[in-house]
Amino acid sequence: VLSTLMQFCMMPLSGLCQGAQPITSYNYGAGNHERVRQSFTVLIRTCIVYSVAIWAIVMIVPEVFVRLFNNGNPELIAYAAWALRIYAALLFLMGIQIACQQTFIAIGNAKTSFFLACLRKIILLIPLIYILPAFFEDKAFAVFLAEPVADFFAVATTVFLFSKQFRSALSSGQDAA
């Protein structure tokens, strides 16, 4: 349920970013770096507003989302709402993650985008699911906590790489690979 809800929340972000890719790519290829900056600015602002809004709704009324996937069992709703608040704790940052990751593709740097996708879900999340329970008495909490911890480090890495490579790509007019 948690994974499905996260995908439900993230799909509009992916759609926005994929819609911006042709505009960014075209202007990058044409050497119009000011338009690349403008398209990225509009994209990142839109993604941040959406991700903060959906995060706020999930944090305030997680039960609404949980009820979409069960038969109304109050114990299940309460537990899943608790878990969703942990699992989606850093959902507000995902607009930054996805906008930067998709913009890497638009400026011809798919390798970095692929690395960042793998970093978040494979390199960080899977090990954290096994490591964090060793540090917490509540094992379920620790497993749910793996998602926001992985998100934090993935977003931090993405922002670091993006700030260096985007500037470099626009200043040189070439790939930032």
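On average, how much accessible surface per residue is there in the chain, in Å², for a 1.4 Å probe, leaving out ligands, DNA and RNA? Intermediate values should be presented prior to the final figure.
Details: 9310 Å² over 177 residues.
Accessible surface, normalised per residue, equals 53 Å².
Highest mobility in the GNM of the chain, judged by mean-square fluctuation with C-alpha springs under 10 Å and restricted to Val143, Val36, Val64, is found for Val64.
When the Gaussian network model of the chain links Cα atoms closer than 10 Å, the mean-square fluctuations of Thr46, Thr158, Thr103 top out at Thr46.
Computed across the range 1-54, the Kirkwood radius stands at 12.1 Å (inverse of mean 1/r, all Cα pairs). Residue ranking by accessible heavy-atom surface, 1.4 Å probe, largest first, among Glu147, Glu75, Glu63 comes out as Glu75, Glu63, Glu147. Comparing Asn27, Asn70, Asn109 in a Gaussian network model of the chain, where Cα atoms under 10 Å apart are tied by springs, the biggest mean-square fluctuation is seen for Asn70.
Labels on offer are [x] 98; [y] 206; [z] 161, and the one holding volume of the Cα convex hull per residue in Å³ computed from this structure is [x].
Using only alpha carbons, the range 57-143 has a radius of gyration to Kirkwood radius ratio (Rg to Rh) of 1.08. Distance between the pseudo-spin-label points of Glu34 and Lys139 (7 Å out from Cα toward the beta carbon): 6.1 nm. The calculated FRET efficiency for the pair Asn70 and Met11, based on their C-beta separation and a Förster distance of 35 Å, comes to about 0.95. Overall dimensions of the range 113-177, expressed as equivalent-ellipsoid semi-axes from the Cα gyration tensor (√(5λ), whole Å, largest first), are 33, 10, 6.
For the chain, the carbon plus sulfur part of the accessible surface works out to 68%, probe radius 1.4 Å. Relative to the longest principal axis of the Cα atoms of the chain, the long axis of helix 139-172 makes an angle of roughly 10 degrees.
The values are calculated or read from the model by the stated rules, or taken from the named source; none is laboratory data. Since this is a predicted model, take the numbers as computed values, not measurements. We place every Cβ from the backbone using ideal geometry, glycine too, and count neighbours over all the protein chains shown. These accessible areas exclude ligands, DNA and RNA; they are computed on the full protein's heavy atoms, side chains included. Shrake-Rupley method; radii C 1.70, N 1.55, O 1.52, S 1.80 Å.
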